[in-house]
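Take a look at the structure below.
The numbers here are math on the coordinates, done by the rules we state, and not lab data. Not measured: the values here are computed from a predicted model. Cβ placement follows ideal geometry from the backbone for every residue including glycine, while neighbour counts extend to all protein chains displayed.
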Amino acid sequence: MRPLNPFNKPQPSNDPAPSRWSYRMERLWLTPSFRRIVRVGMPSFLVVASLGLYFSNADRQQAIADKYTEIRRSIEERPEFMVKLMAIDGASTGLNSAIREVMPVDLPISSFDLDLEAMRKQVESLDAVKRVDVRVRKGGLLQINVEERVPAVVWRGPDGLELLDGDGHRVSALQTRSARPDLPFIAGEGANAAVPEALALIERAAPIRDRMIGVVRISERRWDVVLDRAQRIMLPPRDAARALDRVLALNDAQDLLARDVTHIDIRNPDRPTLRMSSDALAFMREMQGIQVKNNQ
Amino acid sequence: MTDLYQSQRAMRNKRQAAMQRGVIAVLDVGSSKIACLVLRFDGPDSFRDSDGIGSMAGQSSFRVIGAATTRSRGVRFGEIDAMHETERAIRTAVQAAQKMAGVRVDHVIACFAGAKPRSYGLAGSVDLHDGAVTDNCVARVLSSCDVPDYGENREILHAQPVNFAVDHRSGLADPRGQAGNSLSVDMHMLSVDRAPIENLLYCIKRCDLELAGIASSSYAAGISSLVEDEQELGAACIDLGGGSTGISIFIKKHMIYADTVRMGGDHVTSDISQGLQVPMPTAERIKTFYGGVQATGMDDRDMIDLSSDTGDWEHDRRTVSRAEVIGVMRPRMEEILEEVRVRLDAAGFEHLPSQRIVLTGGASQLPGLDGLASRILGQQVRLGRPLRVQGLPQSVTGPGFASAVGTCLFAAHPQDEWWDFDIPVEGYPARSLKRAVKWFKDNW
């Protein structure tokens, strides 16, 4: 008999059994490895794959990189990060201008773009600078604290007159000796490598300061003290100071340097030698009654 | 027989694999319901020795994590009658149990009631060469049993060594290491029809499952509902199922006899249906709500409505008294129990020292059955329920699940069967040596 109500469908057979396929699917779903793949593996794969697909386009990569740099730029160029002034402390006027010249930056500049270490190296490469520290201070100020080298001696080297500091480091060139008459004078090749030694000698030679012209490095090995009237004190390579002390003692006792002696040779400390001028030699021989055949 | 030996061995290996994986399903294919339990084996570490709980009867080493029951379809007398119907019912039960357990099961141990089981007592005896019993000797004595002609199209379901005797000392459970001159064994062999087993195998295979063991449901009901001393001293377990009634006799913790009566609760229902002219579902309902076997005066006044929907006023408004229902049910129950009595007598149950009889199975819930049974079977009758196992839901603890729970115990702690021992390779070296000598003689 056909039911009158069309919506009253005949009841499906009262069979609770799952179909073969739904049973298999259920069993598959209960398999732990399959479950892991579906619940963890597949979503993560999808995310990775879609991201990879999205970023594989070169234009998009470029756009994202551009956007990134733009945002970075805009943050870096905020006024809070800009450096507007440079202050140099502890430098003389000439050095000040030299530093400003070598400084590789054009202010104002963002503090992110400053390479303080490179700037420090740059400034330190100037001869007159002994030590420098560079930092960015509050208020957009680039603070450079400089410690200058103090010239201690004048050296006549292969390139002309130069000022050296106490360690022998070049400070600057010098036009004439008379520009710095207050500094002692050294000469000779390799003298700049032994400036502390020279300074020690010059200090020892204080009693004859008014007569001393300078010290000369001989063969990068030993020193000569040059006095006026073309007198020279030739010092040994070792224990030069003590040898000089001996000469000075001799001078105190016998007024040696006032005599007509050209060289005082103490290179061999056991046998100090004097070289007299030719007139004095002749006079002495005459006194002693020695006839010397003069070859000339 | 070797075929079966191999296939039973293969099932043992599958069971081992399932134990390794830790999950196995138990399937009770009955005539009225199909039950599926999913077991998880915890391994031996779940109990510490200091707890004082050992593995008692195997129930501590596994846990039931999924249980499902469905109405059985296509099964009659405990045998598969309509394959696809049964397959669908198995699928329903397995899927629901899997869902409850949350794991997928691949291996299943099945039990079924039908297939006309027949018991045989086998005896074998061998001489001991080196004076002591070794594993090899046990295997030899098992294979020395002369197997009776159990018939074409029959398979061996169980073949359990029941008793060992060394010389004249009998009653040994484990003879290994004993000294003596001869070893003899008594073996209990249960054969069933081949066709129902093959049908069951086919159905289980269609459900993408692998059969890891198979048990007779009367055996399973016996190991779950007989308590330990009953199994030890001797008892019979009567599993009153829907389509068939299983009988198993235990002594010394071994089953020595099993049989089925091809009658059960479904026949009672059909009697009510025929006698009162009501449909089967109504008859089932009347049986479960008002059924009984012992009528009292009160039952004459207890009227039951037989409401139906045929349109015939007289037919739809019949009533029947409870005494009439009992009058329909009682002869059938008596018939079943008398048939059981006949089988027990045939097995020689009256010669056992203990005459304990345990009724279990779904039909044993009939009120007053124990009184009726004690009148027919003997005085020592009790109603049995299956052993409690860990994790078993309340709904499947009733006597109807005795064989399902028994199969769980069977899965966890199977008894030694004949195929657990390797076939001895006796005589092989001697024969090959003889053959070599013969070859030399023939050629030189």
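Structure notes:
- Modelled label positions at A:Arg78 and B:Trp439, each set 7 Å beyond Cα in the direction of Cβ, lie 9.7 nm from each other.
- Using the Cβ-Cβ distance between A:Gln62 and B:Asn13 with R0 set to 60 Å, the FRET efficiency works out to roughly 0.40.
- When only the Cβ of Lys, Arg, Asp and Glu is charged (+1, +1, -1, -1), the dipole of the protein assembly as shown relative to its Cα centre reaches about 1660 debye.
- Under the Karplus curve 6.51 cos²θ - 1.76 cosθ + 1.60, θ = phi - 60°, whole-Hz ³J(HN,Hα) for the range B:146-151, x wherever Gly or Pro sits: 7, 7, x, 6, 8, x
- Positive-end extreme of charge dipole, the range A:151-288 - chosen from A:Leu257, A:Val171, A:Phe283 (charges on Cβ): A:Phe283
- Charge dipole (chain A, unit charges on Cβ, about Cα centre) - positive-most of A:Met25, A:Pro79, A:Val292: A:Met25
- The three principal axes of the Cα atoms in the range B:125-196 give end-to-end lengths of 44, 19, 18 Å, sorted in falling order.
- Computed FRET value (nearest 0.05) for A:Ser219 with A:Tyr54, which takes r as the C-beta separation and R₀ as 60 Å: 0.20
- Cα-based convex hull, chain A, per residue volume (Å³, whole number): 372 Å³
- Label point distance in nm, B:Asp312-A:Ser22, each placed 7 Å from Cα along Cα→Cβ: 3.9 nm
- Around the Cα centre of the range B:122-164, unit charges on the Cβ atoms of Lys, Arg, Asp and Glu (plus for the first two, minus for the last two) sum to a dipole of about 100 debye.
- Sequence-distant lysines (8 or more away, or on other chains) whose Cα lies within less than 22 Å of B:Lys99: B:Lys33, B:Lys205
- The protein assembly as shown shape via C-alpha gyration tensor axes, a/c threshold 1.5: prolate
- Basic side chains Lys and Arg get +1 at the Cβ, acidic Asp and Glu get -1 at the Cβ, and with that the dipole of chain B about its Cα centre reaches some 980 debye.
- Taking amide hydrogens as placed 1.01 Å from N in the peptide plane, the amide H of B:Ala113 sits under 5 Å from those of B:Ser217, each at least 5 positions away in sequence or on another chain.
- Anchor A:Lys84: lysines whose Cα lies under 23 Å away (excluding residues fewer than 8 positions away in-chain): A:Lys121, A:Lys138
- Projecting the Cα atoms of A:Ala58, B:Asn153, A:Pro207 onto the charge dipole of the protein assembly as shown (Cβ charges, centred on the Cα centre) puts A:Pro207 farthest toward the positive pole.
- For the range B:62-67, 3J(HN,Hα) per residue [Karplus equation, 6.51 cos²θ - 1.76 cosθ + 1.60, θ = phi - 60°, Hz, x = Gly/Pro]: 9, 9, 7, 10, x, 9
- B:Gln178 long-range amide H proximity, modeled H, under 5 Å: B:Val133
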